[in-house]
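S.K.: To start, I am sharing the structure in question, which I have written as structure tokens.
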Amino acid sequence: MQGITGVDEKTRLKMTLVEPGVFCGNSVNYILIEGTGLEYKFLLGLLNSTILNWYFKVFSTNSNVNGYEVDNFPIPDISQLNQKPISGLVDQILTAKQANPQADTRAWEAEIDRLVYALYGLTPAEIAIVEGRA
């Protein structure tokens, strides 16, 4: 997870998966989820979603992405079976980006957003606010 971001950036939460044994510099935060019942790819899709970026912008006014802020995100209680659709889409995005870092994955990202909005029970009016259309 990117540790420092501009407060005016459109996307402030930027996260990816790293392979075991890979270590990043001091401006990166790590999220460990063992024992939480969450799949890594599901959580990656959720944390990179439009709604959690919106939530973070509303509640964070500094340039740091602090672990305690992420720890306080409202993560829905969802079975591993119900995590699969988002995990599958994340897998498609990662595969496409690995083959071509410039690959257009916006359609999959939009589908993740749609699934995440449903997880949180957002109405069309609330989605418009999150997406900056209202």
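S.K.: Using the structure shown, decide if Leu81 is outside any loop (DSSP other than H, G, I, E, B) and over 16 Å from the mean Cα position of the chain (by Cα).
M.R.: Against the criterion (outside any loop (DSSP other than H, G, I, E, B) and over 16 Å from the mean Cα position of the chain (by Cα)), Leu81 qualifies.
S.K.: Would you mind stating whether Ile86 is crowded, with 17+ Cβ neighbours inside 10 Å, among the hydrophobic types (A, V, I, L, M, F, W, C) and more than 15 Å from Thr11 (Cβ to Cβ)?
M.R.: yes
S.K.: Kindly indicate whether Pro76 is of a type outside the set (Asp, Glu), surrounded by 11 or more Cβ atoms within 10 Å (Cβ to Cβ) and part of a loop (DSSP other than H, G, I, E, B). Steps first, please.
M.R.: Values: of a type outside the set (Asp, Glu): yes; surrounded by 11 or more Cβ atoms within 10 Å (Cβ to Cβ): yes; part of a loop (DSSP other than H, G, I, E, B): yes.
So Pro76 passes the test.
S.K.: Can you find, within the stretch 1-40, the residue that is nearest to Glu69 (Cα to Cα) among those that are aliphatic (A, V, I, L, M), over 15 Å from the mean Cα position of the chain (by Cα) and modelled with pLDDT under 75?
M.R.: Looking at the filtered set, the residue picked out is Ile4.
S.K.: Could you look through the stretch 110-125, keep only residues that are touching a residue at least 12 places away in the same chain (Cβ under 8 Å) and charged (D, E, K, R), and pick out the one that is surrounded by the most Cβ atoms within 10 Å (Cβ to Cβ)? Before you say what the answer is, go through the steps one by one.
M.R.: Of the stretch 110-125, the ones touching a residue at least 12 places away in the same chain (Cβ under 8 Å) are 111-113, 115-117, 119-120, 122.
Checking which are charged (D, E, K, R) leaves us with 111, 113.
Details: Glu111: 16, Asp113: 20.
Here the residue is Asp113.
S.K.: Which members of the stretch 116-134 meet the condition of being of a type outside the set (Ser, Thr, Tyr) and either part of a helix (DSSP H, G or I) or in contact with a strand residue (DSSP E or B) (Cβ under 8 Å, 6 or more places away or on another chain) (or both)? First the steps, then the outcome.
M.R.: Taking the stretch 116-134 first, the residues of a type outside the set (Ser, Thr, Tyr) are 116, 118-119, 121-122, 124-134.
Scanning the stretch 116-134 gives Val116, Ala118, Leu119, Pro124, Ala125, Glu126, Ile127, Ala128, Ile129, Val130.
S.K.: So, in the stretch 98-115, how many residues would count as being in a helix (DSSP H, G or I) and over 12 Å from Leu44 (Cβ atoms)? I'd like the intermediate steps shown before the answer.
M.R.: Of the stretch 98-115, the ones in a helix (DSSP H, G or I) are 98-99, 106-115.
Now narrow it down to the ones that are over 12 Å from Leu44 (Cβ atoms): 98-99, 106-108, 110-111, 113-115.
Result for the stretch 98-115: 10.
The values are calculated or read from the model by the stated rules, or taken from the named source; none is laboratory data. Note that the structure is a prediction, hence the values are computed from the model and not measured. Here Cβ is always computed from backbone atoms with ideal geometry, including for glycine, and neighbour counts include all displayed protein chains.
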